[in-house]
Amino acid sequence: MTRPLDAKELAARFEGVFGAAPDGVWQAPGRVNLIGEHTDYNEGFVLPFAIDRTARVAVRVRPDSAIRMLSTFGNQGLTTADARSLDRATARGWTKYPLGVIWALQQRGLNIPGLDLLLDSDVPRGAGLSSSHAIECAVISALNELTAASLGAEDMVLATQRAENDFVGAPTGIMDQSASLRATAGHAVFLDCRDQSVRLVPFDADSAGLVLLVIDTRVSHSHADGGYAARRESCELGAEVLGVRALRDVGLEDLEEASGLLDAETFRRVRHVVTENDRVLQAVELLDTAGPGAIGPLLDASHASMRDDFEISCAELDLAVEAARTAGAIGARMTGGGFGGSAIALTPAGSAQRVRTAVERAFAEAGYAAPGIFSVRPAAGARRLA
Ligand code: GLA
């Protein structure tokens with residue numbers, strides 16, 4: 001991967017393309033989710049953290065309504081649109097994300113001017129690490145300042161969710177943008193997705209002699225495809241049949257009764273969400289009391305639940321998890337929406353190389369493309385760079 005451009009380089013590149021300096025440069029990170037998958041849209045709990053892979057955007061306000069967009073990735077050249085007539089049907093590729101944010105802000109009654117915008121990102125795309133939310137959060141941070149919209153983090157979260165749901169067409173929840181906008185270095189973001197309350201939970205793998213490896217399977221996924229939406233529908237059906245506002249309101253103790261009320265598949269979907277919420281709460285408690293070394297079994301249980309009950313894993317993710325565990329990881333699971341993307345493996349620092357090699361070898365033997373493997377630490381959330 002080529003080195004990401006820093007704020008100065010991005011501003012210089014911007015000036016070369018657009019003929020004037022940007023008004024500023026903003027940055028927002030991708031995320032991994034430690035635990036709590038497909039719980040966000042069920043008004044449950046999640047525990048993601050921001051990673052030090054970011055999207056950066058240089059922006060300048062224009063005197064007219066033209067929007068001109070360029071990225072350092074993707075092979076499209078300069079793409080133009082008009083802020084007065086944004087059209088989700090014609091938006092293509094990564095431009096859906098900035099355009100979706102502009103559209104969502106307009107839906108809130110804000111007047112968004114024309115813009116020149118240059119984007120750079122080193123968040124791997126399609127890898128389940130929220131590359132799209134990193135772009136959206138960088139853009140909304142920029143527009144929040146440049147248009148003096150003065151939205152708080154919670155409103156920016158809802159606006160980017162609206163962009164994803166109603167412009168991009170992915171019926172996703174609020175976890176990713178909450179991590180990107182609200183994270184701080186060294187902490188995981190314990191988010192209650194019902195009321196958006198956040199507690200920052202220290203996650204210091206280094207001091208515990210551990211590393212958190214991300215294993216990008218290179219199996220690309222899109223949450224605008226059917227699988228994610230189908231899971232969400234099952235959850236909504238489960239909540240309706242059980243007579244609750246959201247699956248957040250179903251406890252472990254309710255599962256036995258639920259099994260008699262739901263069809264077998266819906267029950268398994270519900271069981272994943274209910275047990276996963278419980279695992280998040282347990283993970284937070286263990287991090288508070290015992291540190292990262294204690295959460296391995298919860299990561300494993302989370303993966304099994306997603307593989308068997310929620311059925312959102314795939315052969316490559318299962319192999320990554322299994323190979324990492326066999327080679328010494330103390331816990332591993334797929335992370336993100338599923339159907340591809342990345343796994344995480346919590347690994348003793350001394351075994352990290354062995355785990356990497358074992359996963360690479362297992363992928364080669366299975367005839368899969370070589371995975372991308374790198375370590376991550378909880379990084380800072382979105383901010384202005386220049
Ligand atoms: C994607 C979505 C999130 C969340 C996860 C699954 O990352 O964007 O809202 O639902 O999948 O936990």
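Observations
- Leading residue by the ranking (surrounded by the most Cβ atoms within 10 Å (Cβ to Cβ)) among those in the stretch 334-352 that are more than 16 Å from the ligand (Cβ to nearest atom) and not in a strand (DSSP E or B): Ala352
- Residues of the stretch 36-59 satisfying the condition of being away from the ligand (no atom under 16 Å from the Cβ) and surrounded by fewer than 22 Cβ atoms within 10 Å (Cβ to Cβ): Asp52
- Among the candidates Val214, Val189, residue that is of a type in the set (A, V, I, L, M, F, W, C), not assigned by TED's automatic domain parsing to the domain that holds Arg231 and not in a loop (DSSP other than H, G, I, E, B): Val189
- Per-region count, the stretch 135-174, residues more than 12 Å from the ligand (Cβ to nearest atom) and in a loop (DSSP other than H, G, I, E, B): 7
- Within the stretch 91-110, residues that are over 21 Å from Gly77 (Cβ atoms) reach partners that are assigned to a loop (DSSP other than H, G, I, E, B) with beta carbons closer than 6 Å, at six or more positions or on different chains, in the pairs Trp103/Leu86; Leu105/Ile112; Gln106/Ile112; Leu110/Ala149.
- Test: residue in the stretch 230-238 that is within 25 Å of Ile140 (Cα to Cα), of a type outside the set (Ser, Thr, Tyr) and more than 14 Å from the ligand (Cβ to nearest atom): no
- Residue within the stretch 82-100 that is touching a Lys or Arg at 6+ places or on another chain (Cβ under 7 Å), more than 26 Å from Gly341 (Cα to Cα) and either away from the ligand (no atom under 16 Å from the Cβ) or not polar (S, T, N, Q) (or both) present: no
- All of (1) part of a helix (DSSP H, G or I); (2) of a type in the set (A, V, I, L, M); (3) without any contact (Cβ under 8 Å) to a residue 12 or more places away in the chain hold for Ala258 with one exception: (3).
- Subset of the stretch 283-306 [outside any helix (DSSP H, G or I) and buried (at least 23 other Cβ atoms within 10 Å of the Cβ)]: Ile295
The values are calculated or read from the model by the stated rules, or taken from the named source; none is laboratory data. Note that the structure is predicted; figures quoted are calculated from it, not measured. Please note: Cβ atoms are built from the backbone with ideal geometry, for glycine as well, and neighbour counts cover all protein chains shown.
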